[in-house]
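First up is the structure itself, then whatever we jot down about it.
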Amino acid sequence: MHERPDLIVCEECDAVHRKPLLGRAEIARCLRCDAELERHNGSRHERLLPLTVASLIMFVIANSFPIVEIELQGLSSQTTLLGAVLALNAEGMSLVALLVLATTILFPLVQLLILFYLLLPSTRAMPRLGTKVLLRLMHAVRPWGMVEVFLLGVLVALVKLSHIADVLPGMALWAFAALTILLTAVVSFNPRYLWRLLVIAPAASASQDQESLP
Amino acid sequence: MMVATHVAADQPGTDSLDSAASPNLLSAQQCNLHGCHHCGTVWEGAAENAQCTVCHGRLRQRKTDSLTRTWAFLIAACIMYIPANLLPVMVTSTLLDVQQDTIMSGIIYFWTSGSWELAVVVFVASFLVPLFKLVSLILLTVSAGRRSSWQRLQRAKLYRLVEAIGRWSMLDVFVVALLAGLVQIEGFAKINAGVGVAAFGAVVVLTMLASLSFDPRLIWDEDTEDGADAVDDEHPAVQQDKDSND
């Protein structure tokens, strides 16, 4: 079993291609199924850590303030995302509460924390402890983070409520909107590229260092 | 063995897939290659289920038991689809009465109360998307199981579409969750989640699991005799695509 670094296999149709050399802003597509094989990322990885930090800050704001407040005949009521999850749980809908908790809080947070941990600058050349397990975990939770769907859900709920009560959007609503935009930029990174950046490239430079030693 | 590179510039409007010019590509399976599903590294002569040296994931030609698992999730999703649409997803109690809403009656409420844009959004996300996903995945699984060569490119694109839109049907679950958390004004107005929302959430999760277990590579798999003679050529004939825009 040996590696073939000159080849690239399409993730979606298994077609074998010779690995192309890409120029700036170029994308290689599969000849057979038109899926993206590779993309020239340039210096985009330098933006990934700032985007992750910004997302984490927005995540904290979005989850610590009320999303919306309603007023009905002088009575008011407000909720955070976690409050909504707890209310569902209290009604005996614990599985639905768990689903909402996982897709809007847990999985996006896990993804961001893993990225933050792995991308923090380090002085050592070797990959950080647990890099491989964490990258695989991140790959597994990626389809299940649904912050952008939740944001649309909030908007639908607001319009629904505006017929019967006064609706005051809270600070967390804006934070969720910002978080959605930031997460889109973070998640658009192909995980294959992270493997190359965090595992393959450091290992290659470490072996080069060893060779150059007298 | 024919290997080709194809480069298209990252600009709108230069979509350059020319199916007439595309050569007869070989799959990694036919060349005794493994493309790692996790990190994308390509290995030659690896045993099935061997460990990838780079990422320690298992090297597999195809996802394990792809069609069987997809069928299992699809059948479960079809069963849950019925209570998801018939049972109430939301129970609204006010001073005067108690109102139970199903997915459909919620959409009709939006339509009749004048917010037809929202009616369309919820109709698409909660009704059309799950139905479209179920029908598409059944079509893909049946045709992949029969190793059909019918409309391969279109089926690959259909799978990509299913992957992209699947998550949006969680919309109604989130709407109900937020309303149930927010509208708790004791003795005046109260919104509770109905049983239907659990069934509906199950449909979304099951169809997502089905599309994750489906292996799109199966769409392109030929009957074994077709590929066998093509592997004879040891030296790759490299075809360089000259009409790429760079």
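The values are calculated or read from the model by the stated rules, or taken from the named source; none is laboratory data. Remember, it's a predicted structure, so these values are computed and weren't measured experimentally. Note: ideal-geometry Cβ built from the backbone for every residue, glycine included; neighbour counts use all protein chains shown.
Anything in region B:129-173 that is part of a helix (DSSP H, G or I), touching a residue at least 40 places away in the same chain (Cβ under 8 Å) and either small (Gly, Ala, Ser) or on the phi > 0 side of the Ramachandran plot (or both)? List them, or say none.
Once the filter is applied, which keeps residues that are part of a helix (DSSP H, G or I), touching a residue at least 40 places away in the same chain (Cβ under 8 Å) and either small (Gly, Ala, Ser) or on the phi > 0 side of the Ramachandran plot (or both), region B:129-173 yields B:143, B:144, B:145, B:156, B:166, B:169.
So in region B:180-194, with the set limited to residues that are at the interface with chain A (Cβ under 7 Å from one of its Cβ atoms) and in a strand (DSSP E or B), which one is surrounded by the most Cβ atoms within 10 Å (Cβ to Cβ)? Write out each step before concluding.
If we filter region B:180-194 for residues that are at the interface with chain A (Cβ under 7 Å from one of its Cβ atoms), which is where we start, we get B:180-185, B:188-189, B:192-193.
Going one step further and asking which of them are in a strand (DSSP E or B), we end up with B:184-185, B:189, B:192-193.
Values: B:184: 17, B:185: 18, B:189: 19, B:192: 22, B:193: 24.
Step by step, filter region B:180-194, then rank; the result is B:193.
Would you be able to tell me the number of residues in region B:119-134 that are surrounded by 19 or more Cβ atoms within 10 Å (Cβ to Cβ) and under 20 Å from residue A:159 (Cβ atoms)? Before the answer, list the steps.
Taking region B:119-134 first, the residues surrounded by 19 or more Cβ atoms within 10 Å (Cβ to Cβ) are B:121-123, B:125-126, B:129-130, B:133-134.
Checking the rest, the ones that are also under 20 Å from residue A:159 (Cβ atoms) come to B:121-123, B:125-126, B:129.
The number of residues fulfilling the criteria is 6.
Residue under question is residue A:151, and the condition is that it be at the interface with chain B (Cβ under 10 Å from one of its Cβ atoms) and under 26 Å from residue B:162 (Cβ atoms); does it hold?
Numbers: at the interface with chain B (Cβ under 10 Å from one of its Cβ atoms): yes; under 26 Å from residue B:162 (Cβ atoms): yes.
Against the criterion (at the interface with chain B (Cβ under 10 Å from one of its Cβ atoms) and under 26 Å from residue B:162 (Cβ atoms)), residue A:151 qualifies.
Looking for whichever is more than 23 Å from the chain's Cα centre (by Cα) and either modelled with pLDDT of 80 or more or surrounded by fewer than 23 Cβ atoms within 10 Å (Cβ to Cβ) (or both) here; the options are B:215, B:246, B:221. Which one fits?
One residue alone meets the criteria, B:246.
Here are some residues: A:165, A:157, A:175. Which one is surrounded by 14 or more Cβ atoms within 10 Å (Cβ to Cβ), small (Gly, Ala, Ser) and away from chain B (no Cβ under 14 Å)?
On the way: A:165 fails: away from chain B (no Cβ under 14 Å); A:157 fails: away from chain B (no Cβ under 14 Å).
Exactly one of A:165, A:157, A:175 is surrounded by 14 or more Cβ atoms within 10 Å (Cβ to Cβ), small (Gly, Ala, Ser) and away from chain B (no Cβ under 14 Å), namely A:175.
Taking residue A:47 and the conditions (1) farther than 30 Å from residue B:62 by Cα; (2) among the charged types (D, E, K, R); (3) facing chain B (nearest Cβ under 9 Å), which numbered condition does it fall short on, given that it satisfies the others?
Failing condition for residue A:47: (3).
Going through region A:1-24 one residue at a time, which ones are over 26 Å from residue B:154 (Cα atoms), over 25 Å from the mean Cα position of the chain (by Cα) and part of a loop (DSSP other than H, G, I, E, B)?
A:1, A:4, A:5, A:6, A:21, A:22, A:23
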